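Contents: one structure, followed by commentary.
Please treat every number below as a calculation from the coordinates, not as lab data. Bear in mind the structure is a predicted one, so any value in this text is a computation, not a measurement. Neighbour counts are summed over all protein chains in view; Cβ atoms, including those assigned to glycine, are modelled from backbone coordinates with ideal geometry.
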Amino acid sequence: MTAAFSARVDAALASPTLKLAIDRTTGTARSKRAAAMAAWPEFNIARDLGRDIKDHVIENLEHYLVTFEKNAIASGAKVHWAETGAQACAIVVDICRKANAKSVTRAKSMLGEEIGLPHALEEAGIERVETDLAEHIIQLAGDPPSHIVWPALHKTREQVAELFRTHHRDPGALASVEAMVGSARRQLREKFMAADVGISGANFLVADTGAVCTVTNEGNAELTTTPPRVHIVTAGIEKLVPSTAHAMAMLRLLVRSATGAELTQYTTFHCGPKQAGDLDGPEEFHIVLVDAGRTRMLAEGLADMLRCIRCGACLNHCVVYRQIGGHAYGATYPGPMGAVLTPSLSGLEAAQDLPRACTLNGQCQEVCPVAIPLPTLLRGWREKAWQQGFEPATVRWAVALWRFLILRPALYAAASAIGLRLMPLFSRNGWISRLPLAGGWTAHRDMPSPTGGTFLAQYKRRMKK
Amino acid sequence: MSSARAKILQAIRAASPATSSGKGPIGAQAAALSARAAATRPERVSGPVDAAFLTRLQDPGIGATTERVATLQDFPDAVRRYLAAQGLAAAVAVQPHPELLALDWSGVETHHHIATDEGAAVGLALGGIAETGSLVFHSSAASPTLFAFLPLHHVVAVRAETLWPWLEDYATALATLPQPRNVNLVTGASGTTDIEGTLVRGAHGPGWLHIVLIGSTNAT
Amino acid sequence: MNERAKLETKASPHVALFATCLVNAMRPSIGFAAVQLLEQAGCRVDVPMGQTCCGQPALNSGDQEGTRQIARRNIKMLEPFDHVVVPSGSCAATIKVHYPELFAHDPAWLKRAQNLAARTHELLSYLTDIRGWAPEGVHLEKTATYHDSCSGLRELGVKKQPRKLLAGVENLTMRPLAGEETCCGFGGTFCVKYPAISNAIVDEKAAAVEATGADLLLGGDLGCLLNMAGKLHRRGAKVQVYHAAEVLAGMGDEPAIGGDA
């Protein structure tokens, strides 16, 4: 385990509130998803369809990107392309500057987080107003997001109340979650209307219309994208679907998997700027198509991961995520999907713990709405880490020694016999609470003391009788 | 075109030489995928589409209330009743739709601009979707987007004959209509679960959504 | 009738018990229970003396080439048998699911790996699904709860089979376990590479087991059982832990995992 990961895990496990906060939100999410799936026996065939739609798009990515671009331009949008996150940020900042923007509202976008857009806007001296309630909370707290659907999941209601009391103009009593939401509503109302530029992400890019689909439950995306003069979308190039009808099939999967609802309260298709006669809407509509490692993922055999629709179900069902939370992953994307993405996005050596810190229990794959074989992809990273020598020498030697023995049954039997004779020396009443070379085990749990030699030796004796 | 564009497209070609072109024309493949969607829908919309729409809206997760009146002329009365029942002032922002403007709003103060803190607005949806209980709005001079997002109470009329059974039926219809700047599918009142997963209404959009169904499917 | 179907309905198939390295070292009674159950189910049982380990630790460490060496050896050793039966979902899945993946680019070995995979079974599902066996005259006046180990559950579909078998044990009362399909935090080498995370997970699992109030915790995978038993003991819980095969073989009154022998 790298020191950096170890420190983050220790901090997470030592937090007196983190586990409570994680359990409150992911527990609700799991039970709501389970209820939604119980009412949708067609989930399995829907998931196959979702997988096939996304695979079809990835197989024909150039076709769909070019089609989308053509239709978006026809609707009056300006389409930009960015190879890297830094390029994408520069494009966004440049558009803001040309628009003379002083204030920018932003609707939550994980791509925006991935490419560091919040930081880039601040560097450019542009006021950034996060409008998603959770993003608003972590902006006040100065935290990175800890979940891809609930970025402020690590905050308890008490902590949120404290933040609002400090930062809100008119917080009121904040005695309930309702009161906190009300305070945020009052705080952000004028900001929506005063912004010069609104920035959103995209849940889907619809190739045959050039529209950008966003989903929210709060209504902040539409309030972010409608009043300002300029609307900028940043979207990964994998977000395409062939048509609105295909988007609908994907929405059935996305929303149930994320929150357990059947559709988000607000599902919006944004297509071009304000039209003749429209009473509201932006005058300029920009779409920044961002690669930032996606074509590399294609080349690296991670095409399956490009199906991901960012529902967060794998996080909610991950036993590791549920103990250590999102910040311990040290990256924009936590949980199983993050453990697959992060080594590709920021390098395997730095992120080598993420694919390893996983029990390969497979629940993430089971709940994935587009059937991404997450354990297989995580194993793939472990193979690369092994080949590239990132496993510590002690582990490599231990595996080599163990392999040497298990390929030689007689030696293995002798070594086992010795080990099994030594172990009872450390035991009390059948249990071992401290054992040399097994500190990782006995630090936290006891080990039953073996008795009577190996099964093979005992069986051999019995057969001889 | 930008060099980033050329480089990205080149990287895609280099990374995935195996396209699905062997599976026939791309359009035909996409259509075949669409055709599979019908089998993935939840068993729900069978029988009259208006009944299915109203049933769906009973789901507490959606957070809407409903009623049915015979004709659009009955809508102002429904609005008056709603305002009174909610203890609201008799004042509404009326979506500037010619059919709404033509109604008799006597007894209610009406205006046609939407304020940042609008108390209540009334609207007319382009249609609705029975599968999900969604209202459909297309932005236009008669249907500004913000009318569905700024008010605290949103009272919306939708005609039974404009209900589509499934999400895909709406998608098919959209393809024959002029593409608006915004398509808004509104499925209930605004909500958030961002604080400890607790559902709270009225996060940024309306905290209350009241849907007035006009007429019935059978009558048309 | 194809060859495979013939084998499966064979009155007395020749079965290799692949006991697993953990059973071999830590809990021989599971091996003996498995032999007994297989014989009751009409099998001719052999325990190949050259067996060691399925290779899972190497596989999950990313050492593919090392795993292939182990896999080739096991394939050769186990090829002569009609069936290979494993009292562990994760070890059975290593042979059944992952051996063929390892030889995706080696047609000769791929064929042999697939052939072995088709004849390899997890013990409890083998008893019910292939042999149609059910316990007769086994009594145990206890309450028990069951944890579904992840590999068996998700890679092999082992879920109903152990419950069906345990329902046939007279006077044994089963109690539901909250989160029975949630990983216990063992994860093979995970539990020693990331001990603090593993501990947090198994602590939660142990609390759920204790909350059932059951006398016994049963499961089908010794790795997970050792993990949970070790944590339950450290917490001072009285719950006794057995492999389901032990209970089915009438050994539910003998010392539990860690119990005094």
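The string of couplings for region B:82-90 from the Karplus curve (6.51, -1.76, 1.60, θ = phi - 60°) is 4, 4, 5, 4, 8, x, 9, 4, 7 Hz, one whole number per residue in order, with x for Gly and Pro.
Charges at C-beta only: +1 for Lys and Arg, -1 for Asp and Glu. How large is the resulting dipole of the protein assembly as shown about its Cα centre, in Debye rounded to 20? Don't skip to the answer; put the middle values down first.
On the way: 92 positive and 89 negative charges, 684 e Å.
Taking the Cα centre of the protein assembly as shown as origin, the dipole is about 3280 debye.
Roughly speaking, what % of Cα-Cα pairs in the protein assembly as shown are separated by over 58 Å, rounded to a whole number? Considering the protein assembly as shown, 17 percent of its Cα-Cα pairs are separated by more than 58 Å. Amide H contacts for residue B:140 (H built 1.01 Å from N in the peptide plane; partners 5 or more residues away or on another chain; cut-off under 5 Å): A:279, B:145. Dipole of region A:398-464 computed with +1 at Lys/Arg Cβ and -1 at Asp/Glu Cβ about the Cα centre; of A:423, A:458, A:411, farthest Cα towards the positive end is A:458.
Within straight-line reach of residue C:111, meaning a Cα separation under 14 Å, sit the following aspartates and glutamates at least 8 residues removed in sequence or on another chain: C:79, C:101. Rg and Dmax of region A:1-107, both derived from C-alpha coordinates alone, stand at 22.1, 55 Å.
Taking every residue in A:181-187 and counting other chain Cβ atoms within 10 Å of its Cβ, the average works out to 5. Between residue A:460 and residue A:387, residue separation times 0.36 nm minus the direct Cα-Cα distance comes to 22.3 nm. Each part gets one Cα centre, and for region B:24-61 versus region C:165-213 those centres are 40 Å apart. If R0 is taken as 41 Å, the Cβ-Cβ distance between residue C:238 and residue A:418 corresponds to a FRET efficiency of 0.80.
Skipping prolines and chain starts, which residues have an amide H placed within reach, meaning under 5 Å, of the one on residue C:54, given they are 5 or more residues away or on another chain? Close amide H contacts, sequence-distant or interchain: C:21. Across all Cα atoms of chain C, the radius of gyration (one decimal) and Dmax (whole number) stand at 17.9, 55 Å. Among the listed pairs A:19/A:191; A:32/A:102; B:23/C:76; A:19/C:160; C:164/C:231, those with a Cα-Cα distance over 30 Å are A:19/A:191; A:32/A:102; B:23/C:76; A:19/C:160.
When each of the peptides A:289-297, A:257-265 is scored by the mean number of other C-beta atoms lying within 10 Å of its residues, the order from highest to lowest reads A:257-265, A:289-297.
Positive end of the dipole of chain A (Cβ unit charges, origin at the Cα centre): among A:258, A:182, A:67, the Cα lying farthest that way belongs to A:258.
For chain A, what is the mean residue ellipticity at 222 nm derived from helices alone (per DSSP H run of n ≥ 4: -39500 (n - 2.57); sum divided by total residues; nearest 500 deg cm²/dmol)?
Details: 24 runs with 244 residues, N = 465.
That comes out to -15500 deg cm²/dmol.
What would the Debye equation give as log₁₀ I(q)/I(0) for chain A at q = 0.07, 0.10, 0.12 Å⁻¹, counting only Cα atoms as equal point scatterers? Log10 of I(q)/I(0), two decimals: -0.43, -0.79, -1.07.
Which of the helices in chain A meet the span-like rule: DSSP H, Cα axial reach of 27 Å or more, Kyte-Doolittle mean at least -0.5?
Numbers: long enough: A:18-38 (29 Å, -0.16).
For chain A, where a helix must reach 27 Å along its axis and average at least -0.5, the hits are A:18-38.
Take each residue of peptide A:388-394, count the partner chain Cβ atoms within 10 Å of its Cβ, and average: the result is 1. Rounded to whole numbers, the Karplus 3J(HN,Hα) couplings from phi for region B:164-172 are 9, x, 10, 3, 5, 5, 5, 4, 5 Hz, using 6.51 cos²θ - 1.76 cosθ + 1.60 with θ = phi - 60°, and x at Gly and Pro. Its DSSP H runs of at least 4 residues, each contributing -39,500 (n - 2.57), put the calculated 222 nm mean residue ellipticity of chain C at -12500 deg cm²/dmol, to the nearest 500.
Charges were assigned to the Cβ only: +1 to each Lys and Arg, -1 to each Asp and Glu. The resulting dipole of region C:136-248 about its Cα centre is roughly 220 debye.
Spherically averaged projected area of the convex hull of Cα atoms, region A:398-464: 5.3 nm². Note on region C:3-129: dipole from Cβ charges, positive end direction compared against C:33, C:83, C:125; the farthest Cα belongs to C:83. Within region B:64-79, what residues put their amide N at less than 12 Å from the label point 7 Å along the Cα-to-Cβ vector of residue B:102? Those under the cut-off are B:72-73.
Cross-link partners for residue A:78 among the lysines, with Cα-Cα distance under 20 Å and sequence neighbours closer than 8 places in the same chain left out: A:70, A:98, A:239, A:274, B:7. Legend: mean number of C-beta atoms from other chains within 10 angstrom of residue C-beta atoms, peptide A:11-18, equals 1. Taking amide H as placed 1.01 Å from N in the peptide plane, the amide H of residue C:173 sits under 5 Å from that of C:142, C:143, C:144, each at least 5 places away or on another chain.
Averaged over residues, the count of other Cβ atoms within 10 Å places the peptides C:114-127, A:377-390 in the sequence C:114-127, A:377-390, highest first. Between region A:282-346 and region A:199-272, the alpha-carbon centres lie 18 Å apart. Legend note: in chain A, cysteines whose Cβ sits 4.7 Å or more from every other cysteine Cβ are A:89, A:96, A:213, A:271, A:308, A:311, A:318, A:358, A:368.
The relative contact order of region B:105-220, computed from alpha carbon pairs under 8 Å that lie at least 6 residues apart in sequence, is 30 percent.
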